[in-house]
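Asks: To start, I am sharing the structure in question, which I have written as structure tokens.
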Amino acid sequence: MEELHCPECDAVIYTRRAGVCESCGKALPESFLFDEHQTEILNTELDHAKAALQKVADESDENLPGGFSTEMEVIDRTGPTEP
């Protein structure tokens, strides 16, 4: 996909959802924005990705030692590990 730049300040456009340039705050041209169908597809993909991440997190929490309920509880109760 071609990199888009703000017509006002020439900053790279990283999100086509906001409708404004994240650098200068000016409204982006309609042609830069996702249409309703594209937004729906992206939202569905995002929901699937979030569900997959949650599944991985839930599975990793199930395998924690010593009755810890979350990975953060392990860190809270034992302290961070040294690199």
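Here, each number is a calculation from the coordinates, and none is a lab measurement. Given the structure is predicted, the values throughout are model-derived calculations rather than measurements. Here the Cβ is made from the backbone with ideal geometry for all residues, glycine too, and neighbour counts use every protein chain on show.
Asks: Those residues that are surrounded by 10 or more Cβ atoms within 10 Å (Cβ to Cβ) and out of contact with any helix residue (DSSP H, G or I) (no Cβ under 6 Å at 6 or more places or on another chain), I need them from the range 1-12; list them, please.
Replies: Within the range 1-12, 5, 6, 7, 8, 9, 10, 11, 12 qualify.
Asks: Moving on to the next point. Restricting to the range 16-42, name every residue that is of a type in the set (S, T, N, Q) and surrounded by 12 or more Cβ atoms within 10 Å (Cβ to Cβ).
Replies: Within the range 16-42, 23, 38, 39 meet the criteria.
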